[in-house]
Amino acid sequence: MPMLAPLVRSGLRLRTTLGLSDDLLADLAAGRLDLVISTIRPRVRGVQADPLYDEEFLLVAAPSLALAGVGPRELAAAPLVAYAEDLPIVRRYWRSVFGRRPAMAAQVVIPDLRGVLSAVRAGMGVSVLPAYLCRRDLAAGTLVTLAEPDEAPINTGYLAVRSGALAKPAVARVRAHLIEAFRAAPTY
(Lines give C-alpha, C1' and ligand atoms only; values in the text may rest on other atoms or scores of the structure.)
Protein backbone atom coordinates (compact mmCIF):
# COMPACT_ATOMS: atom_id res chain seq x y z
CA MET A 1 0.00 0.00 0.00
CA PRO A 2 2.74 2.54 0.74
CA MET A 3 3.88 2.24 -2.87
CA LEU A 4 0.58 3.80 -3.96
CA ALA A 5 0.84 6.85 -1.68
CA PRO A 6 2.10 9.20 -4.42
CA LEU A 7 -0.86 8.31 -6.63
CA VAL A 8 -3.36 8.81 -3.82
CA ARG A 9 -1.80 12.19 -2.98
CA SER A 10 -2.27 13.18 -6.62
CA GLY A 11 -5.98 12.32 -6.52
CA LEU A 12 -6.30 8.58 -7.18
CA ARG A 13 -9.39 7.07 -5.56
CA LEU A 14 -8.41 3.65 -4.24
CA ARG A 15 -10.50 0.76 -2.95
CA THR A 16 -8.89 -2.49 -1.86
CA THR A 17 -10.14 -6.00 -1.25
CA LEU A 18 -8.22 -8.77 0.47
CA GLY A 19 -8.75 -12.46 -0.18
CA LEU A 20 -7.45 -15.66 -1.67
CA SER A 21 -5.91 -15.38 -5.11
CA ASP A 22 -8.42 -17.70 -6.81
CA ASP A 23 -11.35 -15.64 -5.53
CA LEU A 24 -9.74 -12.33 -6.42
CA LEU A 25 -8.88 -13.52 -9.92
CA ALA A 26 -12.47 -14.68 -10.45
CA ASP A 27 -13.66 -11.21 -9.39
CA LEU A 28 -11.13 -9.64 -11.76
CA ALA A 29 -12.33 -11.77 -14.69
CA ALA A 30 -15.95 -10.90 -13.82
CA GLY A 31 -15.17 -7.18 -13.89
CA ARG A 32 -15.62 -6.56 -10.15
CA LEU A 33 -11.94 -5.64 -9.72
CA ASP A 34 -9.51 -3.72 -11.93
CA LEU A 35 -6.15 -5.11 -10.76
CA VAL A 36 -5.10 -8.05 -8.59
CA ILE A 37 -1.79 -8.87 -6.96
CA SER A 38 -1.92 -12.66 -6.98
CA THR A 39 0.31 -15.22 -5.31
CA ILE A 40 -0.56 -17.74 -8.03
CA ARG A 41 -0.02 -17.45 -11.77
CA PRO A 42 -3.36 -16.43 -13.25
CA ARG A 43 -4.76 -18.98 -15.66
CA VAL A 44 -8.08 -17.24 -16.19
CA ARG A 45 -9.36 -16.45 -19.67
CA GLY A 46 -9.34 -12.71 -20.32
CA VAL A 47 -6.73 -11.96 -17.65
CA GLN A 48 -3.11 -11.08 -18.37
CA ALA A 49 -0.40 -10.99 -15.73
CA ASP A 50 3.17 -9.87 -15.24
CA PRO A 51 5.58 -11.30 -12.66
CA LEU A 52 5.92 -8.61 -9.99
CA TYR A 53 8.16 -9.96 -7.22
CA ASP A 54 9.63 -13.10 -5.68
CA GLU A 55 9.16 -13.62 -1.96
CA GLU A 56 11.44 -15.93 0.00
CA PHE A 57 9.99 -18.23 2.67
CA LEU A 58 11.55 -18.99 6.06
CA LEU A 59 10.74 -21.61 8.69
CA VAL A 60 10.57 -19.63 11.95
CA ALA A 61 9.73 -19.89 15.63
CA ALA A 62 10.13 -17.96 18.84
CA PRO A 63 13.52 -18.66 20.45
CA SER A 64 11.78 -20.66 23.20
CA LEU A 65 10.58 -23.16 20.57
CA ALA A 66 13.85 -23.48 18.65
CA LEU A 67 14.52 -27.14 17.96
CA ALA A 68 17.89 -28.85 17.60
CA GLY A 69 18.49 -30.97 14.49
CA VAL A 70 15.38 -29.71 12.74
CA GLY A 71 13.89 -32.07 10.21
CA PRO A 72 10.42 -33.21 9.24
CA ARG A 73 10.23 -35.71 12.11
CA GLU A 74 11.10 -33.16 14.81
CA LEU A 75 8.83 -30.55 13.26
CA ALA A 76 5.87 -32.96 13.14
CA ALA A 77 5.82 -32.85 16.95
CA ALA A 78 5.86 -29.03 17.16
CA PRO A 79 2.63 -26.99 17.16
CA LEU A 80 2.10 -25.47 13.72
CA VAL A 81 0.62 -22.03 13.04
CA ALA A 82 -0.66 -21.64 9.49
CA TYR A 83 -2.45 -19.22 7.18
CA ALA A 84 -4.99 -21.84 6.03
CA GLU A 85 -6.09 -25.37 6.88
CA ASP A 86 -4.61 -26.75 3.66
CA LEU A 87 -1.17 -25.30 4.56
CA PRO A 88 -0.33 -23.71 1.17
CA ILE A 89 2.81 -21.90 2.31
CA VAL A 90 3.96 -24.70 4.62
CA ARG A 91 3.37 -27.29 1.85
CA ARG A 92 5.49 -25.30 -0.62
CA TYR A 93 8.32 -25.03 1.94
CA TRP A 94 8.18 -28.73 2.92
CA ARG A 95 8.22 -29.91 -0.69
CA SER A 96 11.09 -27.62 -1.60
CA VAL A 97 13.27 -28.16 1.48
CA PHE A 98 12.33 -31.65 2.72
CA GLY A 99 11.11 -33.21 -0.55
CA ARG A 100 7.76 -34.26 0.88
CA ARG A 101 4.41 -32.99 2.07
CA PRO A 102 4.10 -31.97 5.73
CA ALA A 103 2.80 -34.79 7.93
CA MET A 104 1.13 -32.55 10.51
CA ALA A 105 -2.03 -30.46 10.69
CA ALA A 106 -2.13 -26.88 11.87
CA GLN A 107 -2.79 -26.39 15.55
CA VAL A 108 -3.60 -22.71 14.97
CA VAL A 109 -5.04 -21.23 11.75
CA ILE A 110 -5.08 -17.46 11.24
CA PRO A 111 -6.05 -16.24 7.73
CA ASP A 112 -3.72 -13.23 7.96
CA LEU A 113 0.07 -13.46 7.73
CA ARG A 114 0.56 -10.66 10.26
CA GLY A 115 -1.60 -12.65 12.67
CA VAL A 116 0.47 -15.77 12.02
CA LEU A 117 3.61 -13.73 12.70
CA SER A 118 2.19 -12.45 16.00
CA ALA A 119 1.20 -15.96 17.10
CA VAL A 120 4.65 -17.36 16.28
CA ARG A 121 6.34 -14.44 18.02
CA ALA A 122 4.21 -15.21 21.11
CA GLY A 123 5.44 -18.82 21.13
CA MET A 124 2.27 -20.51 19.88
CA GLY A 125 4.17 -22.64 17.39
CA VAL A 126 6.36 -22.77 14.31
CA SER A 127 5.42 -21.50 10.87
CA VAL A 128 6.64 -20.68 7.39
CA LEU A 129 6.46 -16.97 6.59
CA PRO A 130 7.74 -14.60 3.91
CA ALA A 131 11.20 -13.27 4.78
CA TYR A 132 10.13 -9.63 4.35
CA LEU A 133 7.57 -10.07 7.11
CA CYS A 134 10.09 -11.59 9.55
CA ARG A 135 13.17 -9.43 9.00
CA ARG A 136 12.67 -7.09 11.97
CA ASP A 137 11.89 -9.95 14.36
CA LEU A 138 14.89 -11.96 13.18
CA ALA A 139 17.16 -8.94 13.64
CA ALA A 140 15.69 -8.27 17.10
CA GLY A 141 15.98 -11.93 18.14
CA THR A 142 12.25 -12.34 18.76
CA LEU A 143 12.19 -14.99 16.01
CA VAL A 144 14.77 -17.52 14.86
CA THR A 145 15.01 -19.54 11.67
CA LEU A 146 14.81 -23.29 12.16
CA ALA A 147 16.45 -24.34 8.92
CA GLU A 148 19.01 -22.91 6.53
CA PRO A 149 18.33 -24.55 3.17
CA ASP A 150 20.86 -24.11 0.38
CA GLU A 151 18.15 -22.48 -1.67
CA ALA A 152 15.23 -20.86 0.12
CA PRO A 153 11.79 -21.59 -1.32
CA ILE A 154 10.24 -18.67 -3.16
CA ASN A 155 6.85 -17.68 -4.47
CA THR A 156 6.28 -15.31 -7.36
CA GLY A 157 3.65 -12.60 -7.07
CA TYR A 158 1.87 -11.46 -10.22
CA LEU A 159 0.10 -8.25 -11.16
CA ALA A 160 -3.02 -9.29 -13.06
CA VAL A 161 -5.33 -7.11 -15.12
CA ARG A 162 -8.44 -7.92 -17.11
CA SER A 163 -8.07 -7.67 -20.88
CA GLY A 164 -9.19 -4.23 -21.98
CA ALA A 165 -8.97 -2.67 -18.50
CA LEU A 166 -5.77 -0.82 -19.39
CA ALA A 167 -7.89 1.46 -21.57
CA LYS A 168 -8.92 3.09 -18.28
CA PRO A 169 -6.23 5.71 -17.56
CA ALA A 170 -6.33 5.16 -13.78
CA VAL A 171 -5.87 1.39 -14.13
CA ALA A 172 -2.99 1.82 -16.58
CA ARG A 173 -1.39 4.40 -14.28
CA VAL A 174 -1.62 2.19 -11.17
CA ARG A 175 -0.29 -0.84 -13.07
CA ALA A 176 2.68 1.08 -14.48
CA HIS A 177 3.41 2.64 -11.09
CA LEU A 178 3.34 -0.72 -9.26
CA ILE A 179 5.59 -2.41 -11.81
CA GLU A 180 8.12 0.41 -11.53
CA ALA A 181 7.89 0.56 -7.71
CA PHE A 182 8.43 -3.18 -7.31
CA ARG A 183 11.39 -3.12 -9.69
CA ALA A 184 12.99 -0.35 -7.61
CA ALA A 185 12.15 -1.98 -4.24
CA PRO A 186 14.55 -4.23 -2.34
CA THR A 187 14.02 -7.93 -2.96
CA TYR A 188 11.45 -9.78 -0.90
Problem set entry | Nitroxide proxy distance, nm - points 7 Å out along Cα→Cβ at Ala77 and Lys168 | 5.5 nm
Seminar exercise, completed: Among Thr156, Thr17, Thr145, the residue with the largest mean-square fluctuation in a Gaussian network model of the chain built from Cα contacts under 10 Å is Thr17
Exercise. Can you pull the accessible area of Met104 for me, 1.4 Å probe, Å² to the nearest 10?
Worked result: 20 Å²
Problem set entry | Amide H contacts under 5 Å for Tyr53, placed H, 5+ residues apart | Gly157
Seminar exercise, completed: Rounded to the nearest 10, the angle in degrees between the Cα long axis of helix 131-140 and the longest principal axis of the Cα atoms of the chain comes to 50 degrees
Exercise. Any idea what log10 I(q)/I(0) is at q = 0.12, 0.15, 0.27 Å⁻¹ for segment 111-171, Debye with uniform C-alpha scatterers and no solvent?
Worked result: -0.47, -0.61, -1.26
Seminar exercise, completed: Dividing the mean separation of Cα pairs under 8 Å (6+ apart) by the residue count of segment 1-107 yields a relative contact order in percent of 16 percent
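Assign unit charges at the C-beta atoms only (+1 for Lys and Arg, -1 for Asp and Glu), then state the dipole size of segment 117-188 relative to its Cα centre in Debye, rounded to the nearest 20.
Working: 8 positive and 5 negative charges, 118 e Å.
Rounded to the nearest 20 debye, it is 560 debye.
For Ala103, what is the net charge nearby, where nearby means another residue's Cβ is under 13 Å from its Cβ and Lys, Arg count +1, Asp, Glu -1? Could the numbers behind the result be given before it?
Numbers: positive: Arg73, Arg91, Arg95, Arg100, Arg101; negative: Glu74.
Its environment carries a net charge of +4.
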Problem set entry | Inter-centroid distance (Cα atoms) of segment 125-179 relative to segment 1-48, Å | 14 Å
Exercise. Which value results when the Cα radius of gyration for segment 69-188 is divided by 2.2 N^0.38 Å?
Worked result: 1.29
Exercise. Between Arg15 and Met1, how many nm apart are label points set 7 Å from Cα along the C-beta direction?
Worked result: 1.7 nm
Exercise. Which is the longest run of the chain containing none of the trypsin sites (Lys or Arg not before Pro) found in DSSP loop states (not H, G, I, E, B) with at most 13 other C-beta atoms within 10 Å?
Worked result: 101-188
For this session: Find out how many positive minus negative residues lie around Asp86, taking Lys and Arg as positive, Asp and Glu as negative, among other residues whose Cβ is under 13 Å from that of Asp86.
Result: +1
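The values are calculated or read from the model by the stated rules, or taken from the named source; none is laboratory data. All values reported here derive from a predicted model rather than from experimental measurement. Because the Cβ atoms are built from the backbone with ideal geometry, glycine has one as well, and the counts that use them run over all protein chains shown. When the accessible area is computed, the model is the full protein with side chains, heavy atoms only, and any ligands, DNA or RNA have been set aside. Shrake-Rupley method; radii C 1.70, N 1.55, O 1.52, S 1.80 Å.
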